[in-house]
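This report refers to the structure that appears directly beneath it.
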Amino acid sequence: MMKNEPEPLVSVIMPVYNQLDFLDPAIKSILRQSYSNLELIIVDDGSNLETKKFLSQVAASDQRIKIFHQVNAGQSVARNNGLSKAKGTYIYFMDSDDLVDTDLFKQSIRLLRQSQADLIIFDIGELNEKNERVLMDDGPNYQRSKLISTEEALSLIIRYSRFVAPFNYFARKDIYTENQITFPENMIFEDQISTPTVYSHAGKIVFLAGGPFYWYRRRGNSVTGEKWTKNLKQTITDLFFALDKERQIYLNFFNEKYIDNWHFHRMIRFYNFYFPFNIRKEFSKKMKDDIVSIGINSLTRREKMTYRAASSSYINYFYRNFRKIKDM
């Protein structure tokens, strides 16, 4: 820290909905930060009595913890609730089953102040089912921490979809308040809108090299699949709404052909890698309509072939064997 300057308060916002098996280590990874000037705002999203009891106990153990309760309304509502309660100069959102490295906040605050940046981005890794830390296969090749442009920051999301999550960065609170940025409520895929929006309003952005600094717990697709298939129509509506909003942000910084190409690839990737089989038929119909609306002429020959096969039951074979599309 710079001499004679007070350490800025960091507000960590953590929505909680049960998950007691992972909640305690997640909280401890925040409280054990080498940077101590923080508040941990836990928003209980209608958890069971056992979780509420645990939260009361943990709050009594550290005065930096603040617990707020709400009826079950979803992660976005919980994040917005926490944001409204936050008093920090910087805001960080964390999931309640993940872990952060001990020195993340200390390194981030130092770099933010040295560079006079408004927002800092860093890479993440995975925690597998054996609780082992696993590095991602690919990522940005920054050998040292540096200031990056808004276009570079948005390109991280475009090229590596993991950078769309709110735990990949923290930002000055006034980015949210001055631009009236909140998380879209009552929908899924909300991060596809919120993160590009925050990046696009940050004056200066810095990337913290040397990561990963955050560890995302991957627990298979069963929970996600259940959430997505519970209401097929709403899932598809939410995704296309989010992709359209995200596309509109990108068009302020990149040429239309490039973003149309990204848009197509994201739809195919959701179809092929994330959606369970029983959602794909309905999704493929909407996908073809959406591609027509942005213009098939902007696609390459192979992309057009994939587009024409979108409603076919053979798209998995077709897609994997005729075009290997990176997670953009």
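The values are calculated or read from the model by the stated rules, or taken from the named source; none is laboratory data. Computed from a predicted model, the values in this text were never measured in an experiment. When the accessible area is computed, the model is the full protein with side chains, heavy atoms only, and any ligands, DNA or RNA have been set aside. Shrake-Rupley method; radii C 1.70, N 1.55, O 1.52, S 1.80 Å.
Could you tell me whether region 123-243 comes out rounded, prolate or oblate from its Cα gyration tensor? Rule is a ≥ b ≥ c as square roots of the eigenvalues, rounded for a/c under 1.5, then prolate if a/b exceeds b/c, otherwise oblate. It is oblate, given that a/c is not under 1.5 and a/b is not larger than b/c. Entry note, region 57-140: relative contact order of 11 percent, from Cα contacts under 8 Å with a spacing of 6+ residues. With all protein chains kept in place, the per residue accessible area of region 92-139 amounts to 44 square angstrom at a probe of 1.4 angstrom. If the chain linking Lys85 and Asn255 were pulled fully straight, counting 0.36 nm for each residue of separation and taking away their Cα-Cα distance, it would gain 57.3 nm. Cα-Cα over 26 Å: which of Lys173/Lys257; Lys66/Lys106; Lys66/Lys146? Long pairs (Cα-Cα over 26 Å): Lys173/Lys257; Lys66/Lys146. Shape descriptor for region 1-89: Rg over Rh equals 1.00 (Cα atoms; Rh from the Kirkwood inverse mean 1/r). Normalised by 2.2 N^0.38 Å, where N counts its residues, the alpha-carbon radius of gyration of region 86-172 equals 1.13. Length available on full extension from Asn186 to Lys146: 0.36 nm per residue minus the Cα-Cα distance, which gives 10.8 nm. Stretching the chain fully between Thr237 and Asp21 yields a gain of 74.5 nm (0.36 nm per residue, less the alpha carbon separation).
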